[in-house]
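Right, one structure below, let's go through it.
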Amino acid sequence: MKNKIIAGNWKMNKLASEAKSLVAELKPLVADAKNTVVVCVPYTDIATVVAETKGSNIHVGAQNCHWKESGAFTGEISPSMLVEAGVEYVVIGHSERRAYFGETDATVLARTKAALAAGLKPIVCIGETLDERQGGKTEEVLARQIKLGFAEVSAEEMANVVVAYEPVWAIGTGMTATCEQANETIGYCRKVFAEMYGQKVADALYIQYGGSMNDKNAAELLSMPEIDGGLIGGASLVAEKFVAIVKAN
Ligand code: PEP
């Protein structure tokens, strides 16, 4: 059995002063966690959170990065800027970025490749919308996102990749996929990865579930054999809820 990777996605929340307090609260509470703990924070919180988590078992992530190392890309942040700042993980292709900021499978691939080249561990998000699920298109959409989003990622690089299966209809809505739905869909994703990379790589790959995971439903979701962890939005902003998820299994 793998341990789990539990990652908080703070989205556009927490001023640096608030980030410092939240991480200071989390540190002792997760110190004995057997699961890997990650907090993916806004860019402006990175320096504070990296300093505050130094020497602890909390890993720091960002929520996006550009695919170029430098250049005329006003407002963007490069992977090596994140590495120098002490970041280890980076969320790529979150459904909010796909919906509001024009993220496509091609830009997901470009960002993922750049993140890997810089030594970051990308947490690559995939997932279907409600219309797609109700239209019976879940597998087709996920297969496309995986085949295009990972087209140039090598089997060796996959060892540093985390995938987050996040049904879009379950994000921030309070609607969670049932354990069976999440398990079955992640099992399908793993099958697609196995076709691309072989069974060994697919079995070793961490595939998280994300979408309204909280302190009440985490134990059941994380007990499912295909679910290797969680990407948690809302509940990661409240120390006791996030800690309960980290320790749920
Ligand atoms: C997310 O933002 O990745 C997420 C899963 O959000 P929430 O837990 O709030 O649904």
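The values are calculated or read from the model by the stated rules, or taken from the named source; none is laboratory data. Since the model is a prediction, treat every value here as computed from it, not as a measurement. Every residue, glycine among them, receives a Cβ derived from its backbone with ideal geometry; neighbour counts consider all protein chains shown. Surface areas here come from the heavy atoms of the whole protein model, side chains and all, with no ligands, DNA or RNA. Shrake-Rupley method; radii C 1.70, N 1.55, O 1.52, S 1.80 Å.
The convex hull built on the alpha-carbon positions of the chain has an orientation-averaged projected area of 12.2 nm².
Keeping the other protein chains in place, figure out the carbon and sulfur percent of the accessible area of the range 164-249, with a 1.4 Å probe. Heavy-atom surface of the range 164-249 belonging to carbon and sulfur, 1.4 Å probe: 54 percent. Site-free segments of the chain were taken between chymotrypsin sites (Phe, Trp or Tyr not before Pro) in DSSP loops having at most 15 other Cβ atoms within 10 Å, sites themselves excluded; the longest one is 102-249. In this Cβ point-charge picture (+1 for Lys and Arg, -1 for Asp and Glu), the chain has a dipole of about 300 debye about its Cα centre.
Straightening the chain between residue 226 and residue 160 buys 21.9 nm, computed as 0.36 nm per residue apart minus the Cα-Cα spacing.
If a spin label sat at a point 7 angstrom from the Cα of residue 148 along the line to its beta carbon, the backbone N atoms of the range 78-122 nearer than 19 Å would be those of 92-114. Volume per residue for the range 1-127 equals 118 cubic angstrom (convex hull of Cα atoms). Comparing 48, 74, 178, which has the greatest mean-square fluctuation in the GNM of the chain with Cα pairs linked when under 10 Å apart? Highest fluctuation among the options: 74. For residue 59, neighbours were defined as the other residues whose beta-carbon sits under 12 Å from its Cβ, and their charges (Lys and Arg +1, Asp and Glu -1) total +1.
Given Cβ point charges of +1 (Lys, Arg) and -1 (Asp, Glu) and nothing else, what value in debye, to the nearest 20, does the dipole of the range 109-222 about its Cα centre take?
Charge dipole, the range 109-222, about its Cα centre: 260 debye, nearest 20.
Please compute the length gained on full extension between residue 73 and residue 191, using 0.36 nm multiplied by the number of residues separating them and subtracting their Cα-Cα distance.
Numbers: separation 118, 0.36 × 118 = 42.48 nm, distance 3.70 nm.
Fully extending the segment from residue 73 to residue 191 adds 38.8 nm.
Taking amide H atoms as placed 1.01 Å from N in the peptide plane, the amide H of residue 121 lies under 5 Å from those of 89, 90, each 5 or more residues away in sequence or on another chain. A dipole drawn for the range 172-241 from +1 and -1 charges on Cβ atoms has a positive end, and of 235, 201, 175 the residue lying farthest that way is 201.
Where only DSSP H runs of four or more residues are counted, the chain gives -12000 deg cm²/dmol as its mean residue ellipticity at 222 nm, each run worth -39500 (n - 2.57). Loop-located GluC sites (Glu not before Pro) in the range 114-206 (DSSP state other than H, G, I, E, B) with a sparse environment of at most 12 neighbouring Cβ atoms within 10 Å: 152, 156.
The residues of the range 77-118 present an accessible area of 40 Å² per residue when probed at 1.4 Å with all protein chains retained.
Between 86, 61, 211, the GNM of the chain built on Cα springs shorter than 10 angstrom shows 86 fluctuating the most. Overall, the ratio between the Cα radius of gyration of the range 129-224 and 2.2 N^0.38 Å, rounded to two decimals, is 1.09.
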